[in-house]
Amino acid sequence: MPLSRRRFLASSSVSGLAAALPGASTVRAADPTSVSTPPGAVTAATLSAAETLAGLQFTAEQRASLVKSVAERAYRLAELRTPPLPNHVFPVTTFDPRLAGIAPLAANPAIPAPKEQPPVAVRPASEEDLAFLPVTQLSALLRSRQVTSQELTELALARLKRFDPAISAVVTLTEERARLKAEAADAELRAGRWRGPLHGIPWGAKDLLSVRGYPTTWGAAQFRTRVLDEDATVVRRLDAAGAVLVAKLSLGALASGDNWFGGQTKCPWNLATGSSGSSAGSCAAVSAGLVPFAIGSETLGSIVSPATRNGVTGFRPSYGRISRAGAMALSWSMDKLGPIARTAEDCALVFSVIHGADPADPTAVDAAFEWPSATDLRGVRIGVPRGVFGEKEESRAADDAALAVLRQRGAELVPFDLPPAPVQTLRLVLTVEAAAAFDDFTRSGDIDTLLAPRPSNWATSLRAARYIPAVDYVQANRRRTLLIRELEETLASLEVSVWVSPPAGNPLVLTNLTGHPSVCVPTGFLPVPGAAPDSPRRTAQAMTFHARFYHDDRALTAAHAFQQATDWHRRRPPVV
């Protein structure tokens, strides 16, 4: 039963707990300035139950002395919720890795001038081959006038319409906008004006990015027709680079999983499975050759996980490298936007035009980024954490082969131990911030109708977050400060700027908590268990390249070098 305003005003709370405890419906609301005795069920017994949640144990005398102040606080806290806070409002306190002693590298402009022309390319004979070309080659074809932006845009729109019934990755096609942008891009190219490697390239946006004139749904049924009158900063920067938005792509409801109000987004490599989430549509669309690149977001694996599942390259930059203005907030201290593409080089090209400070996002910073970079790894020391590879038998061969490629490219693999930390416990940071971001959903009961008539994973999680003590949330963030320092000091002592890991597990949680950059690349494809021997369905394998703070180009360079020696990123799924 959802909490009404009256029921909340009457609910009990313990110091550090902005939560309604069991039995709250029996509590009577009262003005704390006029009561001399505690109201209703705010009793010593109530506080005793709350102590269990907070990991505390007070004496009976101490407990009795708290009853009145806790009851008064419960009444006062209601003032924080009227009116409800819009999702885009940042907390006055923000996560900043620089507070852990990590300084950005010397900054360069957010949208640097192109340094060189794209390589020579020849237009392929078939449209399908054209659809699967990386951005680097498409850019060369556009620059040499072998293809037009309008052709690429119409190809992308046609493929989105053709394959989406099987994949369910499209929330909204932005056809009118796309055709206008493509026509303008071609006119500029004919006039000799080249905006850079993304000029005329179609792309897709995860539908938590606002785009003026089109619905921004966040994957939730309640918002399926909502139109926000703004373009997200990344959308504006990609427009400035000449890229052409063709579709808003699916995400799990409120960025959880791959189920949204339109169904479940499927993996093109195996339509019997979901695309994983929450950047489900972005990764599936790139995998199926529907768009050359897309923008996703990650808070705790939402780029890396679907990139792994769909066999594409996903880049999660250092926290603060890309403005989140105009994007749905899930966790202000953990949300990151990043590109998803066929190659690490494509991700680098996209990143080069969307990174940088933004007055609309207080966490966004300027920091140096250089591309192109070296393609060999001679003399590069790459860290390999002890105990993280080989845990899953089915991926052991792919992991061993990927590490062997790094050695063959000249890298020195350096074993090391990751700093010990209760990373799974520290996930409470995300839970608490998400509960704050969607407080009104929990109180109104709308959280139960995100996927109506199906249940949402968020309902239980956001309700449970109300019982996490505020003191423990602050302590968890202080632990993050120490964790950032320890990881940076460990890597510095080993003279390692890049390290690798499997895409899932503790390294994924750790780097999302610290905000370090990661690049996920495919490393193989295994037959689906139980499928016929000749079945084209596959389970993708992957490896993640991590780097020290603001050394995003190092992670991308190492991933690019790996892809220069392999062809996993060129494989096409059976759905196409």
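Scanning region 468-508 for residues that are under 21 Å from the mean Cα position of the chain (by Cα) and of a type in the set (A, V, I, L, M) gives ALA476, LEU483, ILE484, VAL498, VAL500, ALA504, LEU508. At least 1 residues being acidic (Asp, Glu) and out of contact with any helix residue (DSSP H, G or I) (no Cβ under 8 Å at 6 or more places or on another chain) is the threshold, and among the helices (runs of 4 or more DSSP H) wholly inside region 468-565 those reaching it are 470-493.
Answer yes or no as to whether ARG324 is more than 21 Å from ALA555 (Cα to Cα), buried (at least 24 other Cβ atoms within 10 Å of the Cβ) and touching a strand residue (DSSP E or B) at 6+ places or on another chain (Cβ under 8 Å). First the steps, then the outcome.
Working: more than 21 Å from ALA555 (Cα to Cα): yes; buried (at least 24 other Cβ atoms within 10 Å of the Cβ): yes; touching a strand residue (DSSP E or B) at 6+ places or on another chain (Cβ under 8 Å): yes.
Yes; evaluated as a whole, the condition is true for this residue.
When the residues of region 174-197 are filtered to those that are within 23 Å of LEU249 (Cα to Cα) and of a type in the set (A, V, I, L, M, F, W, C), the one that is surrounded by the fewest Cβ atoms within 10 Å (Cβ to Cβ) is LEU180.
Determine, yes or no, whether SER297 is in contact (Cβ under 8 Å) with a residue 60 or more places away in the chain, of a type in the set (Ser, Thr, Tyr) and not in a strand (DSSP E or B).
Working: in contact (Cβ under 8 Å) with a residue 60 or more places away in the chain: yes; of a type in the set (Ser, Thr, Tyr): yes; not in a strand (DSSP E or B): no.
Spelling it out, it is not the case that SER297 is in contact (Cβ under 8 Å) with a residue 60 or more places away in the chain, of a type in the set (Ser, Thr, Tyr) and not in a strand (DSSP E or B).
Show the residue pairs meeting these rules: Cβ distance below 9 Å; 6+ apart or different chains; first residue within region 370-381 and within 17 Å of THR343 (Cβ to Cβ); second residue surrounded by fewer than 13 Cβ atoms within 10 Å (Cβ to Cβ) and modelled with pLDDT under 85. Filtered contacts from region 370-381: TRP371/LYS115; PRO372/LYS115; PRO372/GLU116.
The condition of being out of contact with any Phe, Trp or Tyr (no Cβ under 7 Å at 6 or more places or on another chain) and at positive phi holds for only one of GLY515, GLY524, GLY445, that being GLY445.
Looking across region 141-156 at every residue that is crowded, with 21+ Cβ neighbours inside 10 Å and within 30 Å of the chain's Cα centre (by Cα), the one that is farthest from GLY204 (Cα to Cα) is identified as SER149.
Residues to consider are ALA272, ALA285, ALA255; find the one that is assigned to a strand (DSSP E or B) and either under 14 Å from the mean Cα position of the chain (by Cα) or assigned by TED's automatic domain parsing to the domain that holds SER305 (or both).
ALA272
The values are calculated or read from the model by the stated rules, or taken from the named source; none is laboratory data. It should be emphasised that the depicted structure is a prediction, and the values quoted were computed from it without experimental measurement. Note: ideal-geometry Cβ built from the backbone for every residue, glycine included; neighbour counts use all protein chains shown.
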